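Written below as C-alpha coordinates is the structure these notes are about.
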Amino acid sequence: MTLLADRGFEHGNLIHWLGQQHWSWAIRVKSDLKVTLANGCTQSVEQLLPGEEQAYLFENVQVLDGIACHLVTAKALDTKDAWAVLSDQPHSLQTFALYGKRLGGIEPHFKDYKSAAFGVLHSG
(Lines give C-alpha, C1' and ligand atoms only; values in the text may rest on other atoms or scores of the structure.)
Protein backbone atom coordinates (compact mmCIF):
# COMPACT_ATOMS: atom_id res chain seq x y z
CA MET A 1 0.00 0.00 0.00
CA THR A 2 1.09 3.56 -0.69
CA LEU A 3 -0.38 6.71 0.83
CA LEU A 4 -0.40 9.70 -1.54
CA ALA A 5 -1.10 12.90 0.37
CA ASP A 6 -1.15 16.64 -0.26
CA ARG A 7 0.49 19.46 1.65
CA GLY A 8 -0.55 19.59 5.27
CA PHE A 9 -0.13 15.86 5.88
CA GLU A 10 3.60 15.98 6.62
CA HIS A 11 3.20 14.95 10.26
CA GLY A 12 5.77 12.86 12.10
CA ASN A 13 3.16 10.76 13.89
CA LEU A 14 1.44 9.87 10.60
CA ILE A 15 4.72 8.94 8.92
CA HIS A 16 5.78 6.77 11.87
CA TRP A 17 2.38 5.04 11.85
CA LEU A 18 2.68 4.36 8.11
CA GLY A 19 6.05 2.74 8.72
CA GLN A 20 4.59 0.53 11.45
CA GLN A 21 1.89 -0.59 9.01
CA HIS A 22 4.52 -1.28 6.31
CA TRP A 23 2.97 1.29 3.99
CA SER A 24 4.98 3.36 1.56
CA TRP A 25 4.18 7.05 1.29
CA ALA A 26 4.63 10.06 -0.99
CA ILE A 27 3.57 13.36 0.54
CA ARG A 28 3.66 16.76 -1.12
CA VAL A 29 5.12 19.21 1.39
CA LYS A 30 4.89 22.90 2.16
CA SER A 31 7.72 25.22 1.18
CA ASP A 32 8.53 26.16 4.79
CA LEU A 33 9.32 22.57 5.88
CA LYS A 34 12.91 22.28 7.13
CA VAL A 35 14.99 19.54 5.51
CA THR A 36 18.41 18.34 6.65
CA LEU A 37 20.35 17.22 3.59
CA ALA A 38 22.78 14.30 3.50
CA ASN A 39 25.67 16.77 3.92
CA GLY A 40 24.18 17.98 7.24
CA CYS A 41 23.00 21.37 5.95
CA THR A 42 19.43 22.32 6.94
CA GLN A 43 17.33 24.37 4.53
CA SER A 44 13.68 25.05 3.86
CA VAL A 45 12.05 23.31 0.92
CA GLU A 46 11.64 26.75 -0.66
CA GLN A 47 15.42 27.05 -0.84
CA LEU A 48 15.61 23.71 -2.66
CA LEU A 49 13.13 24.44 -5.45
CA PRO A 50 14.51 24.38 -9.01
CA GLY A 51 13.96 26.76 -11.90
CA GLU A 52 11.42 26.14 -14.66
CA GLU A 53 11.57 22.75 -16.38
CA GLN A 54 14.03 21.36 -13.85
CA ALA A 55 13.88 18.72 -11.14
CA TYR A 56 16.16 18.06 -8.18
CA LEU A 57 16.48 14.74 -6.38
CA PHE A 58 17.69 14.79 -2.76
CA GLU A 59 18.45 11.37 -1.31
CA ASN A 60 18.82 10.50 2.35
CA VAL A 61 17.38 13.64 3.91
CA GLN A 62 15.86 14.03 7.36
CA VAL A 63 12.69 15.88 8.29
CA LEU A 64 10.45 16.29 11.32
CA ASP A 65 13.00 15.48 14.00
CA GLY A 66 14.88 12.67 12.31
CA ILE A 67 12.58 10.93 9.85
CA ALA A 68 14.82 9.55 7.09
CA CYS A 69 13.38 9.92 3.61
CA HIS A 70 13.95 11.34 0.12
CA LEU A 71 12.88 14.66 -1.43
CA VAL A 72 12.20 15.48 -5.05
CA THR A 73 11.39 19.00 -6.28
CA ALA A 74 10.34 20.15 -9.75
CA LYS A 75 8.83 23.06 -11.64
CA ALA A 76 6.98 22.20 -14.84
CA LEU A 77 6.15 24.84 -17.43
CA ASP A 78 2.40 24.25 -17.29
CA THR A 79 2.06 24.38 -13.50
CA LYS A 80 1.50 27.35 -11.24
CA ASP A 81 3.50 26.03 -8.29
CA ALA A 82 6.64 23.97 -7.96
CA TRP A 83 6.17 20.53 -6.46
CA ALA A 84 8.12 19.12 -3.54
CA VAL A 85 7.38 15.50 -2.62
CA LEU A 86 8.82 13.51 0.28
CA SER A 87 8.81 9.74 0.13
CA ASP A 88 10.19 6.73 1.92
CA GLN A 89 11.08 5.28 -1.49
CA PRO A 90 14.15 6.35 -3.50
CA HIS A 91 13.13 9.03 -5.95
CA SER A 92 13.21 9.30 -9.69
CA LEU A 93 11.19 11.40 -12.08
CA GLN A 94 8.61 8.59 -11.83
CA THR A 95 7.85 9.89 -8.33
CA PHE A 96 5.83 12.67 -9.96
CA ALA A 97 3.92 10.14 -12.05
CA LEU A 98 3.11 8.20 -8.87
CA TYR A 99 2.09 11.29 -6.93
CA GLY A 100 0.13 12.59 -9.94
CA LYS A 101 -2.20 9.58 -9.70
CA ARG A 102 -3.96 11.30 -6.82
CA LEU A 103 -4.87 14.18 -9.14
CA GLY A 104 -6.88 11.88 -11.39
CA GLY A 105 -8.72 10.26 -8.53
CA ILE A 106 -9.73 12.16 -5.45
CA GLU A 107 -8.57 15.70 -6.27
CA PRO A 108 -11.41 16.47 -8.74
CA HIS A 109 -13.94 15.35 -6.12
CA PHE A 110 -12.51 17.75 -3.54
CA LYS A 111 -12.80 20.59 -6.04
CA ASP A 112 -16.38 19.65 -6.86
CA TYR A 113 -17.42 19.50 -3.24
CA LYS A 114 -15.62 22.69 -2.28
CA SER A 115 -16.68 25.02 -5.05
CA ALA A 116 -16.50 23.95 -8.67
CA ALA A 117 -19.86 22.23 -8.94
CA PHE A 118 -21.79 22.39 -5.72
CA GLY A 119 -20.58 25.50 -3.90
CA VAL A 120 -20.82 23.63 -0.58
CA LEU A 121 -18.63 26.11 1.29
CA HIS A 122 -20.98 28.96 0.43
CA SER A 123 -24.28 27.09 0.67
CA GLY A 124 -24.72 27.43 4.43
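The figures follow:
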| read-out | value |
| --- | --- |
| Any hit, region 90-97, residues being assigned to a loop (DSSP other than H, G, I, E, B), at pLDDT below 90 and among the aromatic types (Phe, Trp, Tyr) | no |
| Among (1) surrounded by 16 or more Cβ atoms within 10 Å (Cβ to Cβ); (2) of a type outside the set (Phe, Trp, Tyr); (3) over 14 Å from the mean Cα position of the chain (by Cα), the one test that Asn60 misses | (1) |
| Spans of strands (runs of 3 or more DSSP E) in region 15-65 with at least 3 residues in contact (Cβ under 8 Å) with a residue 12 or more places away in the chain and of a type outside the set (Asp, Glu) | 24-28, 34-36, 54-63 |
| Single residue of Leu4, Leu18 found to be under 15 Å from His91 (Cα atoms) and surrounded by 11 or more Cβ atoms within 10 Å (Cβ to Cβ) | Leu4 |
| Positions within region 64-73 being closer than 11 Å to Asp88 by Cβ and either of a type in the set (A, V, I, L, M, F, W, C) or surrounded by fewer than 19 Cβ atoms within 10 Å (Cβ to Cβ) (or both), in sequence order | Ile67, Ala68, Cys69 |
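The values are calculated or read from the model by the stated rules, or taken from the named source; none is laboratory data. Predicted, not measured: the structure shown is a model, and the values here were computed from it. Please note: Cβ atoms are built from the backbone with ideal geometry, for glycine as well, and neighbour counts cover all protein chains shown.
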